[in-house]
Amino acid sequence: MLYLHSFEIMKILVPISNVPDTTSKISFTDNDTRFNGQGITWIVNPYDEWYALVRALELKESGKADKVTIIHVGLSDSEPTIRKGLALGADDAVRINAESSDSLYVAYQIADYAKNNSYELILTGKESIQYNGSAVGSMIAALLDYPFLSQASFLDLNGTTLTLHVETEGGIKVVEGQAPAVVSCAKGMAEQRIPNMRGIMAARTKPLQTLDPKPFRQNVKVRNFGLNPGRSECKLFTEDQLDKLVEALHKEAKVI
Amino acid sequence: MSGEILNDVSTGFDFHLTENQKMIADMIRKFGKEEILPHLMHWDEEQIFPVDLFRKMGELGLMGVLVPQEYGGAGLTYTEYVTVISEIGKMCGAIGLSVAAHNSLCTGHILQFGNEEQKRKYLPKLATGQWIGAWGLTEANTGSDAMRMKCVARKEGDYWIINGTKNWITHGISGDVVVVLVRTGELLDSHGITAFIVERGTPGFRAGKKENKLGMRASETAELIFENCKVHESQIIGQPGEGFIQAMKVLDGGRISIAALSLGIAKGALEASVKYAKERHQFGQPIANFQAIAFKLADMATEVEAAELLTFKAADLKNKEEKVTRHSAFAKYYASEVAVKVSTEAVQIFGGYGYTKDFPVEKYYRDSKLCTIGEGTSEIQKLVIARDILK
Ligand SMILES: Cc1cc2nc3c(=O)[nH]c(=O)nc-3n(C[C@H](O)[C@H](O)[C@H](O)COP(=O)(O)OP(=O)(O)OC[C@H]3O[C@@H](n4cnc5c(N)ncnc54)[C@H](O)[C@@H]3O)c2cc1C
């Protein structure tokens with residue numbers, strides 16, 4: 001049977017964020033208004049990489065999609081991170097040259113690019129591990145008037161029909177939808193991939209386009225950052241101090 | 001269009017790792033965490049050579065780092081190669097040694113001196129890890145003095161008949177193909193030695209005893225036995241009589257491998273020591289607070305840094321196709337001695353725990369010692385250096 005769908009080719013856009021490695025020591029500079037990037041290893045946000053990007057690549061490899069593009073809103077110092085995504089196998093990448101911590105601003109830039117370049121499927125990670133906002137994906141969907149399918153742990157594509165699984169407390173929901181759509185990807189969707197040497201070499205010559213941002217208001221900015229107070233000392237009670245233990249749990253730890 | 005890579009071409013001194021090196025190091029750490037670290041003590045204890053691991057490393061491109069892409073390799077330079085070997089060596093010296101021997105000795109010999117047909121036939125299999133390579137120069141009675149080798153080949157029509165044994169050969173049992181250096185002329189004639197490519201399964205060629213070693217136990221070391229082994233003349237690399245000169249050139253590059261391996265082992269031992277010194281408390285404080293320990297760490301870190309600079313310098317010269325004999329000997333000699341010293345101090349810093357197999361430093365300590373011996377002992381490196389600076 002000849003399968004006809006409304007798009008000539010299925011292109012997948014994967015927005016990635018550039019985040020500090022999970023083992024990084026977090027500190028701030030400029031009166032706690034900026035993250036201190038000194039000595040930090042930057043990585044592709046794991047949800048974007050392991051789940052969204054790898055699944056997009058799998059869909060392409062199995063012939064269900066034609067092209068996978070990475071998009072990132074950020075300055076040129078994030079290009080090494082973008083190339084990590086290219087090394088894994090994305091076809092090309094776009095960097096919107098702007099610095100922002102305003103989710104709507106970022107979403108606007110991505111939505112604008114997706115619309116002008118007819119991307120019908122946008123796969124995001126379920127959140128980024130530095131701000132954990134989980135906001136950009138749904139905002140892109142709203143701006144494009146696409147459905148937003150949140151936190152999928154499985155995704156398949158047949159023509160333009162999307163089938164996905166969403167894990168719920170103790171169960172699973174199987175959802176069907178139609179592209180164009182935005183899907184946010186959670187654990188389980190794909191296995192982490194390690195780039196090979198060829199991928200790493202190829203990343204150097206794949207197209208990485210830089211575009212100026214489209215004008216858009218920035219309503220939100222971070223005023224300053226702070227660290228959680230460190231964990232306090234461990235308190236030990238002997239067997240005959242049960243009363244004191246209960247009291248401490250109630251009054252100090254406030255857990256009972 | 002942006003995205004051009006500025007650190008691509010080295011102009012003068014640049015001590016920064018390239019983006020490629022960082023990505024490769026990251027790839028190896030991720031791979032090793034899953035595939036090497038959980039198993040290395042088991043392989044070490046049982047002297048298991050994990051063939052499957054090498055196939056997987058082949059898929060990643062680690063088995064043909066220097067082999068051009070047209071022959072199935074990664075097509076990278078010595079700079080990335082040093083990163084590959086040292087990152088693997090940091091996790092497990094034995095796996096690092098095997099990857100080094102495969103890449104720079106067997107594969108390297110065919111790559112540098114093989115004809116087009118030989119390259120097309122062997123490099124794609126070797127570079128992808130489908131085949132594991134071995135390289136045989138050393139014999140029981142001729143180590144440093146390889147020129148006196150006894151293994152011989154005589155010509156019979158279009159064939160050569162090889163007789164003799166080779167010892168201490170990495171992948172002597174599991175290697176699918178071996179480049180073997182054999183006497184075809186007069187004793188002590190540097191033009192009397194020829195390199196043959198011999199495939200596993202060739203009648204008259206078999207593996208002998210496997211060595212039971214102090215360290216590098218997951219890297220297989222064994223004897224090769226040739227009894228009237230008949231090999232077609234098309235299996236000769238270059239011309240008859242060119243083998244010894246080729247071997248010396250292969251070893252010039254090979255020394256960078258062992259320097260990189262030494263560097264990896266030393267870095268691994270240093271990192272473990274820094275971490276432990278901050279965690280281990282005695283007399284109510286971390287042992288790192290004692291100057292005796294802190295100064296050891298300072299010495300170790302300084303020496304590791306120097307070893308790294310020597311190694312990358314040799315790699316850089318090799319990339320530029322400059323003569324590298326002296327500098328690869330500098331790097332191999334110094335880095336290997338540093339590996340032994342740093343891992344010895346690491347055991348000292350760990351105290352009794354360092355003497356057990358529950359902590360990583362006893363393995364670094366055992367593995368490191370190979371580095372001052374294999375591919376030319378420290379004494380031989382000094383001979384090479386002295387000869388070069390005195391000439
Ligand atoms: C784990 C392992 C893997 C190996 N893999 C391979 C391989 O894949 N292929 C291969 O061909 N070989 C391999 N070898 C062999 C290795 O290259 C030799 O062991 C090495 O070259 C030293 O030779 P030898 O052991 O015969 O020592 P010898 O040459 O007997 O040396 C003994 C001692 O005498 C010293 N000495 C010798 N000559 C001189 C001199 N002129 N001046 C001063 N001191 C001198 C040496 O430095 C050393 O301290 C391997 C060895 C080991 C241990």
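The values are calculated or read from the model by the stated rules, or taken from the named source; none is laboratory data. None of these values were measured; they are calculated from a predicted model. With ideal geometry, Cβ positions are generated from the backbone for all residues, glycine too; neighbour counts draw on all protein chains shown. Side chains included, ligands, DNA and RNA excluded: accessible areas come from the protein's heavy atoms. Shrake-Rupley method; radii C 1.70, N 1.55, O 1.52, S 1.80 Å.
Using 0.36 nm times the number of residues separating B:LEU37 and B:LEU187, minus their current alpha carbon distance, what extension gain do you get?
Result for the pair: 49.4 nm of gain on full extension.
For B:GLN282 paired with A:SER62, estimate the spin-label separation in nm (one decimal), with each label point 7 Å from Cα along the Cα-to-Cβ line.
Going from the B:GLN282 label point to the A:SER62 one covers 5.8 nm.
For a quick check: with amide H placed at 1.01 Å from N, whose amide H comes under 5 Å from B:GLU242's, ignoring anything fewer than 5 positions away on the same chain?
Close amide H contacts, sequence-distant or interchain: B:ALA195.
Beyond 16 Å, how much of the Cα-Cα pair distribution for segment B:281-333 remains, as a whole percent? Please list the in-between numbers first.
Numbers: 778 of 1378 pairs.
Roughly 56 percent, rounded to a whole number.
For a test of the definition: using alpha carbon positions, the gyration tensor, and the 1.5 limit on a/c, classify segment A:11-230 as rounded, prolate or oblate.
In terms of gyration-tensor shape, rounded.
Could you compute how fast segment A:12-95 diffuses translationally, taking Rh as the Kirkwood radius over C-alpha pairs and applying Stokes-Einstein at 10 °C with viscosity 1.306 mPa s? Give it in µm² per second.
Estimated via Stokes-Einstein, D reaches 116 µm²/s.
Under Stokes-Einstein, with the Kirkwood radius over Cα pairs standing in for Rh, what whole-number D in µm²/s applies to the protein assembly as shown at 10 °C and 1.306 mPa s?
D, rounded to a whole number, is 57 µm²/s.
Let's test the formula: R0 of 22 Å, r as the Cβ-Cβ distance of A:ARG34 and B:ARG29. What FRET efficiency results, to the nearest 0.05?
0.15
If you plug each phi of segment A:117-125 into the Karplus form 6.51 cos²θ - 1.76 cosθ + 1.60 with θ = phi - 60°, what whole-Hz ³J(HN,Hα) values come out, in order, with x for Gly and Pro?
For segment A:117-125, the Karplus-derived couplings read 10, 6, 8, 9, 9, 10, 10, 10, x Hz, x marking Gly and Pro.
Work out how far the C-alpha atoms of segment B:217-283 reach from end to end along every principal axis, then list the three figures in whole Å, largest first.
70, 25, 15
For the peptides B:202-212, A:71-81, B:163-173, A:27-37, what is the packing order when you average, over each peptide's residues, the other Cβ atoms within 10 Å and list the highest mean first?
Top of the packing list down: B:163-173, A:71-81, B:202-212, A:27-37.
If amide hydrogens are placed 1.01 Å from N in the peptide plane, which non-local residues have theirs closer than 5 Å to the one on A:ALA98?
For A:ALA98, the qualifying residues are A:GLY74, A:LEU75.
What are the GluC sites (Glu not before Pro) within segment A:120-209 that DSSP puts in a loop, where the Cβ has at most 12 other Cβ atoms within 10 Å?
A:GLU169, A:GLU191
Between B:ASP14 and B:ASN228, how high is the FRET efficiency from 1/(1 + (r/R0)^6) when r is the Cβ-Cβ distance and R₀ = 60 Å? Nearest 0.05.
With R0 = 60 Å, the Cβ-Cβ based efficiency is 0.65.
Which number comes out as Rg/Rh for segment B:245-389 once both Rg and the Kirkwood Rh are worked out on C-alpha atoms?
1.07
Each label point is 7 Å from the Cα along the Cα-to-Cβ direction; what then is the distance between the points at A:ASP156 and A:GLN218, in nm?
Rounded to a tenth, the inter-label distance reads 4.4 nm.
Between segment A:190-256 and segment B:244-282, how many Å separate their Cα centres?
Taking the Cα centre of each part, segment A:190-256 and segment B:244-282 sit 35 Å apart.
Report the calculated FRET efficiency for B:LYS382 and B:TYR159 (r = Cβ-Cβ distance, R0 = 25 Å), to the nearest 0.05. It would help to have the intermediate numbers written out before the result.
Values: r = 41 Å, r/R0 = 1.66.
Plugging the Cβ-Cβ distance into 1/(1 + (r/R0)^6) gives 0.05.
Roughly how crowded by other chains is peptide A:207-220, in terms of the mean Cβ count from those chains within 10 Å of each of its Cβ atoms?
1
Averaging the inverse of every distinct alpha carbon separation and then flipping it gives the Kirkwood radius. What is it for segment B:19-132, in angstrom units?
Over segment B:19-132, the inverse of the mean reciprocal pair distance is 14.1 Å.
Over segment B:134-244, what number does the Rg to Rh ratio reach, with both radii from the alpha-carbon atoms and Rh per Kirkwood?
Working: Rg = 13.3 Å, Rh = 13.8 Å.
Here Rg/Rh amounts to 0.96.
Whole-Hz ³J(HN,Hα) for each residue in segment B:119-131, computed from phi via Karplus 6.51 cos²θ - 1.76 cosθ + 1.60 with θ = phi - 60°, x for glycine and proline: what do you get?
The phi angles translate into 5, 5, 6, 9, 4, x, 5, 6, 5, 9, x, 5, 10 Hz.
Based on alpha-carbon atoms only, what is the radius of gyration of chain B relative to the globular estimate 2.2 N^0.38 Å?
On the way: Rg = 21.1 Å, N = 391, 2.2 N^0.38 = 21.3 Å.
Compared with the compact-globule rule of thumb, chain B sits at 0.99.
Per-residue HN-Hα couplings for segment B:336-342, Karplus 6.51 cos²θ - 1.76 cosθ + 1.60 at θ = phi - 60°, whole Hz, x for Gly and Pro?
Working through the residues one at a time gives 5, 5, 5, 4, 5, 5, 5 Hz.
How big is the antiparallel share of DSSP beta bridges in chain B, given as a percent to the nearest 5? Intermediate results must be reported in sequence, preceding the final value.
Details: 29 of 34 bridges.
Just about 85 percent of them are antiparallel.
How much of the DSSP bridge set in segment A:133-254 is antiparallel, in percent, rounded to the nearest 5?
Roughly 80 percent of the beta bridges in segment A:133-254 run antiparallel, per DSSP.
Pop out the carbon and sulfur fraction of the accessible area of segment B:245-389 as a percent, whole number, probe 1.4 Å. Please report the intermediate quantities before stating the final value.
Details: 3820 of 6540 Å².
Carbon and sulfur atoms account for 58 percent of the accessible area of segment B:245-389.
What does DSSP give for chain A in terms of the percent of beta bridges that are antiparallel, rounded to the nearest 5?
45 percent
Multiplying the sequence separation of B:VAL274 and B:TYR355 by 0.36 nm and subtracting their Cα-Cα distance, what value in nm do you get?
Net length gain for the segment: 27.5 nm.
For labels at A:LYS254 and B:ASN319 in the simple 7 Å Cα→Cβ model, what's the distance in nm?
Here the modelled spin labels are 5.7 nm apart.
If a paramagnetic tag sat 7 Å from the Cα of A:SER118 along the Cα-Cβ line, which residues of segment A:131-160 would have the backbone N under 17 Å from that point?
Of the residues in segment A:131-160, A:159-160 have backbone N under 17 Å from the label point off A:SER118.
Just to confirm my numbers, what's the Cα centroid distance between segment B:31-74 and segment B:76-155 in Å?
15 Å
If we restrict to alpha carbons, what Rg and Dmax does segment B:178-307 come to, in Å?
23.4, 72
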